[in-house]
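The numbers here are math on the coordinates, done by the rules we state, and not lab data. Predicted model, so just to flag it, every value in this text is computed and none were measured. Every residue, glycine as well, gets a Cβ built from its backbone with ideal geometry; the counts of neighbours run over all protein chains shown.
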């Protein structure tokens, strides 16, 4: 697909998909509200908690992978530090809303105020990183974003008086758990609510990337020089895509803090970025539903590995290494035989199958 086709073609007919996502997401929000604000209670078998836990983490990570897909899949921005925006959003919400934390800043402000501030903080960091690095080549951009993530991780660990060190910040409010009838209902309501938020975000992303704006982003990924030659301010578009992705990651971080009730550096390691990247490449970049599908495969493997560990005659450390090897082999096979991902479009991404 040529750059001119990307710029001036008919584009994706995304209106129907976006509307369906908004409808399904709205229904999920309504069901979650019924569980939280009414005496309704749900009983969950003890063996099902692990599925709910992984499912909740999946929908939170789903916001991350959607933001990364906007940056890389549509605009071609190689961001290896996506976890830093996730962490900044989470720490901002925790520091503003926590009460009685063992260490670190805990201001005790309302979480409804803290959450949007967390999104803004992540977006501001994205703007700062973008301003200083988006004019660099892709490999330099990757190094800068990775270095930014490592710098912030070091700050979180070493500045104990502000960020709580390795202990992190405790006492973050958990509004759903506080309002729901019991812990089982709170778990289900959280999964449904966060799932609805992610589906609505999918609808917004589908609408955004299916518009003329999205076609410009794809043209930049295909050939930035040609796109610039037809009068498009490529740096402005790249900056917007980078900040949008960072803000979405910050929102995911804020939700994670309010769900978990605490934040610590161990939750925001490079492994988060690796998981998101593998999910995106496995499913197929530049396809929002595909990247969510790829992430679901990775999270599903993580879930299955918990049960496999119980019947495998190896230590937990050895099994963790085996799991990483298995995920790596799957990614190698997909890249070898489906370089655009399982559901990706080779013609869209300009790769050879």
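Would you mind computing Rg(Cα) / (2.2 N^0.38 Å) for the range 226-353, counting N as its residues?
Ratio of Cα Rg to 2.2 N^0.38 Å: 1.31.
Which residues in the range 285-306 place their backbone N less than 18 Å from a point set 7 Å from the Cα of residue 274 along the Cα-to-Cβ direction?
Residues 295-306 fall inside that zone.
Using only the Cα atoms of the range 65-115, construct the convex hull and provide its projected area averaged over every direction, in square nanometres to one decimal.
Computed as one quarter of the Cα hull surface, the answer is 4.4 nm².
Given labels modelled 7 Å from the Cα in the Cβ direction, how far is it in nm from residue 54 to residue 325?
2.1
Return one number: the angle in degrees, 0 to 90 and rounded to the nearest 10, between the long axis of the Cα atoms of helix 49-68 and the longest principal axis of the Cα atoms of the chain.
30
Using per-residue counts of other Cβ atoms within 10 Å, averaged over each peptide, order 323-332, 209-218 from highest down.
With the highest mean Cβ count within 10 Å placed first, the list reads 209-218, 323-332.
State, to one decimal in nm, how far the label point of residue 316 lies from the label point of residue 179, with both points 7 Å from Cα in the Cβ direction.
With each label point 7 Å from Cα toward Cβ, the separation is 3.5 nm.
By how many degrees, between 0 and 90 and to the nearest 10, does the Cα long axis of helix 111-133 differ from the longest principal axis of the chain?
30
Averaging over all projection directions, find the projected area of the Cα convex hull of the chain and quote it in nm² with one decimal place.
If you wrap the Cα atoms of the chain in a convex hull and average its projections, you get 18.4 nm².
Highest mean first, how do 47-56, 184-193 rank when packing is the count of other Cβ atoms within 10 Å averaged over residues?
Ranked from most to least packed, the peptides come out as 184-193, 47-56.
For the pair residue 102/residue 24, report the inter-label distance in nm, with labels modelled 7 Å from Cα in the Cβ direction.
4.1
Please give the helix 82-97 orientation as an angle from the longest Cα principal axis of the chain, in degrees from 0 to 90, rounded to the nearest 10.
40
For the chain, what does the relative contact order come out to in percent, with C-alpha contacts under 8 Å and a separation of six or more?
Reported as a whole number, the value is 30 percent.
Students often get this wrong: which residues of the range 64-83 have the backbone nitrogen under 20 Å from the point 7 angstrom along Cα-to-C-beta of residue 236?
Residues passing the 20 Å test: 71, 75-77.
When a/c is below 1.5 the answer is rounded, else prolate if a/b is larger than b/c, else oblate, so apply that to the range 195-297 with a ≥ b ≥ c taken from the square roots of the Cα gyration tensor eigenvalues.
Prolate, because a/c is 1.5 or more and a/b exceeds b/c.
Let me make sure I get this right: for the range 100-215, a, b and c are the square roots of the gyration tensor eigenvalues over alpha carbons, sorted descending. Under 1.5 in a/c it's rounded, otherwise prolate if a/b > b/c, else oblate. Which is it?
Oblate, since a/c reaches 1.5 and b/c is not below a/b.
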